[in-house]
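*Asks:* Quick one: this structure, given as structure tokens, is what I'll be asking you about.
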Amino acid sequence: MKRLAAACVATLALAALAGCAQAPTTAAPATTAAPPAAMAPAATAPIGAPPPAARPGASPGAKFAAFPCLSYTLPCGKAATRKPVAKSLEGPLAGDAARGMRIAHARDKGNCLACHVMKGGTQPGSRGPDLSHYGSTGRSDADTFAAVYDMRARTPETLMPPFGTNGVLDDQEIRDVVAYLQASR
Ligand code: HEC
């Protein structure tokens, strides 16, 4: 009886390690009966055990689906991602370029420098295009506003965060950032 219980716990711990890809049916009891995967002792998976994808019943195409979920608060694969929004600029831009530069560079605000080279900015990343001469490329305020608001409306698989849709920057802050980009020549 004791051995059976131990085996049960081990099975549940393994199910937790395998992540939520195994559908809520296995994941649900695992979360109530076993500690979260990351807190379970590493020793629960026997050395030399087959990788998750090789377990019986796992579909051959599901190799990556068996990775453990990184979120403790959202069910795996069910993160509440907001739908892309194609936002139009209302009225004249009325942005303040100097304020926009501060917002764009602030690591706790736009943090555009994480991915873009920008005029006046230091330590930029290079994942996105160089924006240091954006103002001479002839893009309209409306297109630029929409892009910063939610780039996914233009490029569905973009890396760029949807600053407006996610409420990271408000309407006026985006106007200021656009004014700064347009003033970057
Ligand atoms: C995580 C990386 C990342 C961050 C942070 C980021 N961007 Fe981007 N951005 C990109 C990538 C990548 C592209 C290229 C187009 C695409 O993937 O959609 C891009 C494209 C753009 C474009 C279009 C450029 C063009 O030539 O059409 C603008 C404008 C822009 N970003 C502005 C910003 C601003 C302003 C911020 C900060 C408020 C910002 N980005 C933050 C990754 C990022």
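No value in this document is a laboratory result; all are computed from the given coordinates. These numbers come from a predicted model, not from an experiment. A quick note on method: Cβ atoms are made from the backbone with ideal geometry, for glycine too, and the neighbour counts reach across all protein chains shown.
*Asks:* When a footprinting reagent is the concern and you count Cβ atoms within 10 Å, what order do E90, E173, E157 take, fewest first?
*Replies:* Lowest to highest Cβ neighbour count: E157, E90, E173.
*Asks:* Just subtract the alpha-carbon distance of T81 and E157 from 0.36 nm times their residue separation and send over the number in nm, one decimal.
*Replies:* Full extension from T81 to E157 adds 26.1 nm.
*Asks:* Rank the residues L181, L159 as a footprinting-exposure proxy: fewest other Cβ atoms within 10 Å of their Cβ go first.
*Replies:* So the ranking, lowest neighbour count to highest, is L159, L181.
*Asks:* Could you work out the Rg to Rh ratio of the range 77-139, with Rh taken as the Kirkwood radius (inverse of the mean 1/r over all Cα pairs)?
*Replies:* 1.04
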